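Right, one structure below, let's go through it.
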Amino acid sequence: MNNLQRTFENPDMFDFRSFSHRLYIGGQWRQSSEDRLIEVIDPSTEAVIAAVPDATPADVADAVDAAATAAPGWRETAPRRRSEILRRCFELMIERSEMLAALISLENGKALRDARGEVAYAAEFFRWNAEEAVRISGEFCIAPSGANRIVVDYQPIGVCVLITPWNFPAAMATRKIAPALAAGCTVILKPASETPLTAYALAALYEEAGVPPGVVNVLTTSNPGPVTSAMLADPRVRKLSFTGSTGVGRILLAEAAKHVISCSMELGGNAPFIVFDDADLDAALDGAMIAKMRNAGEACTAANRLYVQAGIHDAFCEGLRKRMAALKVGAGTEAETECGPMITGKAVSKIDRLVKDAVRRGAKVLCGGSVTDDTGYFYPPTVLCDVPEDAELAHEEIFGPVAPISSFQDEAEVIRRANETEYGLAAYVYTSDLAKGMRVASKIETGMIAVNRGLMSDPAAPFGGVKQSGLGREGGQHHGIAEFMEAKYIAVTM
Ligand code: NAP
C-alpha cells in the first residue's frame, strides 16, 4: 500500500470519489443537466481516476444566478464575521493538509513534498485575507476648493468569474477566492479540466467552514471558451480574474472588453536566473534547484533561462548537473519522489521539441535530454549548456525540468538579454554585492525579482507581472483585495 492509498483508506479522510460527478452550485452538490463527464487522469500512471461533470449552458446560468442571489447577503455580512469564516477555511485546510496534498499529487502528478508546500501556501491566503477583511478602509478629505468633503468608500465589485490553471490547483484558486470573499464578493470558479478534484474538495471544506450557499460556486467544463463568454455576457458579472497562459489571457481580455468587465490577469513567464562571478556558488545552486525544480519546473515563476557569468560558469554547470542527475523521478504520490511527471503527454512533447531545437542549434546536453518510454508523462531532469540566444526555449515557457544555461560577460549584457522577451513576471539574481543586486533588480523588466533567493511567492507580497505577463496583483498588503473592490466617491456638503 503506498502513501496515497494509506491516506484515502483512513476513515478520517473524505473520499474524493464522493464528489465525482457533481457540480457545486448554490450550496448544492448536483449533477449536470446533461450527463456528459470529463475524465480525470493520474499523470503518473495515465489511469482514469475520476470523472467530473461537463457543465451545460443551463448549469452556467444557474451558477451566475446563485452567485448573484447570494451577493447582497454576503456583502452585508459584517467584516468580522467574514474574517472568522475565512480563518476557519485556513484552519480546516491545515487540519486536512495531508489529504489535500495527496489529492493534488494524484491529479497533478507533483511530488508530495511540493504538494504539501502548495497546501501550506494556499491556506495562507485564507489566513492573510481573514486579517485583511477587517482592515478595509476608505478616504476622507476636504476638496481643494473647500466647497465639500470628498469621501471614498471601497465597495465589493460584485459577482466574479475566476479561472485557474492546473499547475497549482489549490493555491491559484485560494489566491483569488480568499481576497474576493474578504472584499464581500461572490464567485464562480472554473478550475482547469486536468485538476478539478482539488477545487471540489476545497468547496466542500468552505461549506464546512461556514461559507454560505452561493458565495462560492464551482463548475467544470470541457468547453471553456463558450462557457466563459456566456458568464461574461451576463450583466451581473463584474469581474474576471484569470490565471493561465498569455495566449488564453489575450482571448479573455478581448471577450471582457465587449462588456467592459474589470480584469486581473496572471499570465505566463520566462524568468531569467542570473548568477554573477561573485555569487556564493552553493547558495546559487540551491536557489537554482528551487527556482527550476519546484513543481518539476511547471511553475510560471520557474527559472526558464539561466545566465551565468564566465568566471563561475563551468563550476555552476557541473554543480547543477550533479544535483539534477541525482533527483529521484517517480510517481508524485510516492514519498521519496523529487520530480514527478508532467501534466499531459502533450506537455512532454512540447518539452522534447524545445530541447531538440536547442541541441540542433548547438546546445550541449549535460544530463537528461530525451524522453523515456515508461508509462506516465515523465521527462527527465535535464541540464543544457552553451544554449544559443535563438533557441526557442529562450523565448517560450519550457514548463518542465529543463535548465538551459548560457554564459555572459558583463552586467549590461545580461540585463539586455534578460529583458529580451515579451514576458515580465519573475527574475532571480545571485551576487554577493547587494548594491549590484539592487541595481540589476531595478533594471530588469519584471513584476517580481528575488535577490539571492530561489523563491519569492508570499501571500503578504504583491504577486504579478508586467509586459505580457499580466495585469494587476494578487496577495500583498491591500493589492490583492483591491482587485475585488471599486472606489465610490461621495461628494458631501457640510
Ligand atoms: P491555459 O491553457 O491558459 O488554461 C488556464 C485556464 O483557462 C484553464 O482553466 C483552462 O480551462 C481555461 N481556458 C482555456 N482556454 C480558455 C478559453 N478560450 N476561455 C476561457 N478559459 C479558457 O493555461 P494552463 O496550461 O492551464 O496553465 C499554464 C499557464 O499558466 C502557463 O503559461 C503559466 O505560466 C501560467 N500561470 C501563470 C501564473 C501567474 O501567477 N502568473 C500562475 C500559474 C500559471 P481547461 O483546463 O478546461 O482548458
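A compact table of results
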read-out: Sorted largest first, extent of segment 271-458 alpha carbons per principal axis (Å); value: 49, 35, 30
read-out: Zone of residue 322's modelled label, taken as backbone nitrogen in segment 264-299 under 17 Å from a point 7 Å along Cα→Cβ; value: 280-290
read-out: Directionally averaged projected area (convex hull, Cα atoms, segment 370-449), nm²; value: 6.6
read-out: Whole-number percent relative contact order across the chain, with pairs defined as alpha carbons under 8 Å at least 6 apart; value: 18
read-out: Where N is the number of residues in the chain, Cα Rg divided by 2.2 N^0.38 Å; value: 0.99
read-out: Segment residue 422-residue 61, extension gain: residue separation times 0.36 nm, minus the distance between their alpha carbons; value: 126.3 nm
read-out: Folded to 0 to 90 degrees: helix 345-360 orientation relative to the chain principal axis, Cα; value: 40
read-out: Helix 112-133 axis, angle to the chain major axis (alpha carbon atoms, nearest 10°); value: 40
read-out: Sites residue 413 and residue 371, calculated FRET efficiency, Cβ-Cβ separation with R0 30 Å, nearest 0.05; value: 0.30
read-out: Burial ordering of 273, 408, fewest other beta-carbon atoms within 10 Å first; value: 408, 273
read-out: Cα-Cα over 22 Å, subset of 176/346; 110/350; 364/436; value: 176/346; 364/436
read-out: Helix 281-293 axis, angle to the chain major axis (alpha carbon atoms, nearest 10°); value: 50
read-out: Value of Rg/Rh across segment 392-494 [Cα atoms, Kirkwood radius]; value: 1.11
read-out: Theoretical ellipticity at 222 nm over the chain - DSSP helices of four or more residues, -39500 (n - 2.57) apiece, nearest 500; value: -12500 deg cm²/dmol
read-out: Fewest-first sequence of 444, 490 by Cβ atoms within 10 Å of each Cβ; value: 490, 444
read-out: Cα-based reach from residue 467 at 16 Å (exclusive), listing aspartates and glutamates while leaving out same-chain residues under 8 positions away; value: 266, 396, 397, 420, 422, 445
read-out: FRET efficiency, residue 48 to residue 155 (Cβ-Cβ, R0 45 Å, nearest 0.05); value: 0.50
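Bear in mind that the values in this text are calculations on the coordinates, not laboratory data. Computed from a prediction, not measured in an experiment: that's the story for all the values here. Glycine also receives a Cβ, built like all others from the backbone with ideal geometry; neighbour counts cover every protein chain displayed.
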